[in-house]
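Notes to accompany the following structure.
Laboratory data are not the source of any read-out in this text; all were calculated from the coordinates shown. As the structure is a prediction and not an experimental result, all values here were calculated from the model. Heads up, the Cβs are rebuilt from the backbone with ideal geometry, glycines too, and the neighbour counts pull from every protein chain shown.
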Amino acid sequence: MDKHQLIKLSKDRSARWGSGLFWVDGVNFVDQAIKKGWEIDTLVYLADKLDTEFKHSVIHAVPKEKRLLVGHAVYEKLAYKGDIQGIGAVVKIKSQKDKLLAGSGLVLENTQYAGNLGTIMRTALGFGVKNIYLVGKTVDPFSPEVVRASMGAIFGMNIVLIDDLNILSYSNNVALSLDTDSQLLTSNFQYPPSWNLWLGHEGRGLTPQAKAMCQTKLKIKISSDIDSLNIAEAVAIALYEFTADSSLSGG
């Protein structure tokens, strides 16, 4: 792994998916990846930034042959918004394709913003929901921006890329939609024991095809002063209601 490859992984979606690898910047995120069993291809570090026992413990969790010492000029191009912690890693992408997993999950169709996707992952994991299905032209879940916004929650998620919507037809599908015929999301709604909650593009919402997959449509009651909530905020409210009677064990 040379410096040019490293930089491409941090900047270029096609480089990530072509190699099956992605760049993770920050000692806490690398630690989470290791503890959650994600495969470390290369651990990258700056010698003069190994200034805590924690950093040394993360370094020593990776075999020597997988460690790469770089200089400041290289790491500055890898660091997220100039925050140079001095430890990052190239991690093997872990995702599945067209598979329905056991348990509840989120289905995101055409989600465009990295901050939203990362925050949704963090929120979902906080409510014990670990399955996330990505449909259509979604933002790259393995971009540095998504990893950072998730605060490392991505390493606790089961990420499934969906091309064939019919794969999801065998689950209890609930759409979050502002359509006039959607029921209000309330604590009195009888939620099935497992479900997939569908959300769409930040501006356009779910496509008609996606809505047709859902047995139920729900909407959050909001003030007439605004048109809609941010998608990540909507997920937080919905998951609070959906999991109110659960142990949040996550399964």
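Can you pull the one-decimal nm distance between simple spin-label points at Y240 and D164, each 7 Å off the Cα toward Cβ?
3.9 nm
Where does the charge balance sit around L229 when Lys and Arg score +1, Asp and Glu -1, over other residues with C-beta under 13 Å from its C-beta?
On the way: positive: K219, K221; negative: E202, D225, D227, E233.
Neighbour charge sum, excluding L229 itself: -2.
Going toward the positive end of the dipole of the chain, with +1 on Lys and Arg Cβ and -1 on Asp and Glu Cβ, which of A175, L218, L21 do you reach last?
Looking along the dipole axis, the top candidate is L21.
Counting residues in the chain as N, plug N into 2.2 N^0.38 Å and put the Cα Rg over that result. Present the calculation step by step, with values, prior to reporting the outcome.
Numbers: Rg = 19.6 Å, N = 251, 2.2 N^0.38 = 18.0 Å.
Dividing the Cα Rg of the chain by 2.2 N^0.38 Å gives 1.09.
What full-extension length gain, to one decimal in nm, is calculated for L50 and E202 as 0.36 nm per residue of separation minus the Cα-Cα distance? Walk me through the numbers before you get to the answer.
On the way: separation 152, 0.36 × 152 = 54.72 nm, distance 4.07 nm.
Between L50 and E202, full extension yields an extra 50.6 nm.
So, in nm, how far is label K81 from label S223 when the simple model puts each one 7 Å beyond its Cα toward the Cβ?
2.7 nm
Could you work out the local net charge near Q112, counting Lys and Arg as +1, Asp and Glu as -1, over the other residues with Cβ closer than 14 Å to its Cβ?
On the way: positive: R13, K137, R204; negative: E109, D140, E145, E202.
Here the charged neighbours net out to -1.
Of Y75, V91, V58, which is farthest towards the positive pole of the range 42-137's charge dipole, taken about the Cα centre with +1 and -1 on the beta-carbons of Lys, Arg and Asp, Glu respectively?
V91
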